[in-house]
């Protein structure tokens, strides 16, 4: 594996090439917020991929469908976001080889500017994959390659720890009320094998939410992505997750 400086130079070059040639131009600006639901599904993947992001490169095995993330309007900031076709499916992964060093970053989004650390288990623990989701069977065709970025997601600790902000989220399931709690994941645009990142996609910071008010009924949807398609039950639990586009600076 190349050194950290050469890796970053290569990743920057890949971003420049994408912007230059238009091969991975994004149809919708900017990247949406996403509300993520734990799932119940028989979907299993046994595929080995190379994952490359700003922090490093690993070889990993894609394992289990973990969450589905719906495009979401937060606090009426993006009316109509719930109707966007872009979704993300989250899979757990297991590192097979490679190394990602511990990282400390400054992140800025609508909740402010704060520091995140990748903690004691730095390899990414999951991957977000562009997907298509329908309430009816069969599942729609998966997104075309380059329609959106994949993301590698790292468990993080925030300094200071708590974010306590009331939010109203509207997605295709309906309007739901939550309080934000902890920053739980930092998700970076990533290459999966040779498929490039989308040059306009920003990192996502994903927060644990605690529900306020009524819980919608869990429901079954049909999802498709590059790893396959399946029927999936979305669990409208007491705790949910919202992922927020953010800017990021790596700290020394």
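The values are calculated or read from the model by the stated rules, or taken from the named source; none is laboratory data. Remember, predicted model here, so these are calculated numbers, not experimental data. Note that each Cβ is placed from the backbone with ideal geometry, even for glycine, and that neighbours are counted across all protein chains shown.
Might you let me know whether region 25-33 holds any residue that is surrounded by 17 or more Cβ atoms within 10 Å (Cβ to Cβ), in a helix (DSSP H, G or I) and at pLDDT below 90? No, because not a single residue in region 25-33 is surrounded by 17 or more Cβ atoms within 10 Å (Cβ to Cβ), in a helix (DSSP H, G or I) and at pLDDT below 90.
If the condition is being buried (at least 20 other Cβ atoms within 10 Å of the Cβ) and not in a strand (DSSP E or B), then region 60-75 contributes no residue at all. Restricting region 119-139 to residues that are under 26 Å from residue 101 (Cβ atoms) and at pLDDT 90 or above, the residue that is surrounded by the fewest Cβ atoms within 10 Å (Cβ to Cβ) is 125. When 188, 234, 169 are checked against the criterion of being in a strand (DSSP E or B) and more than 27 Å from residue 61 (Cβ to Cβ), 169 stands alone in meeting it.
In region 38-59, what residues are part of a loop (DSSP other than H, G, I, E, B) and free of Cβ contacts under 8 Å to residues at least 24 places away in the same chain?
Hits for region 38-59: nothing passes.
Look at (1) over 16 Å from residue 225 (Cα atoms); (2) touching a strand residue (DSSP E or B) at 6+ places or on another chain (Cβ under 6 Å); (3) touching a residue at least 40 places away in the same chain (Cβ under 8 Å); (4) surrounded by fewer than 18 Cβ atoms within 10 Å (Cβ to Cβ) and you find that residue 183 fails only one, number (4).
For residue 97, the conditions (1) under 25 Å from residue 192 (Cα atoms); (2) buried (at least 21 other Cβ atoms within 10 Å of the Cβ); (3) at pLDDT 90 or above are fulfilled apart from (2). Look at region 191-213: where a residue is on the phi > 0 side of the Ramachandran plot and part of a loop (DSSP other than H, G, I, E, B) and a partner is modelled with pLDDT of 95 or more and surrounded by fewer than 19 Cβ atoms within 10 Å (Cβ to Cβ), sitting 6+ places away or on another chain with Cβ atoms under 9 Å, you get 193/50; 213/177. The residue list 92, 113, 175, 152 contains one member that is under 19 Å from the mean Cα position of the chain (by Cα) and either surrounded by fewer than 13 Cβ atoms within 10 Å (Cβ to Cβ) or over 14 Å from residue 204 (Cα atoms) (or both), which is 92.
Checked against (1) under 29 Å from residue 138 (Cα atoms); (2) touching a strand residue (DSSP E or B) at 6+ places or on another chain (Cβ under 6 Å); (3) surrounded by fewer than 18 Cβ atoms within 10 Å (Cβ to Cβ), residue 213 meets all criteria but (1).
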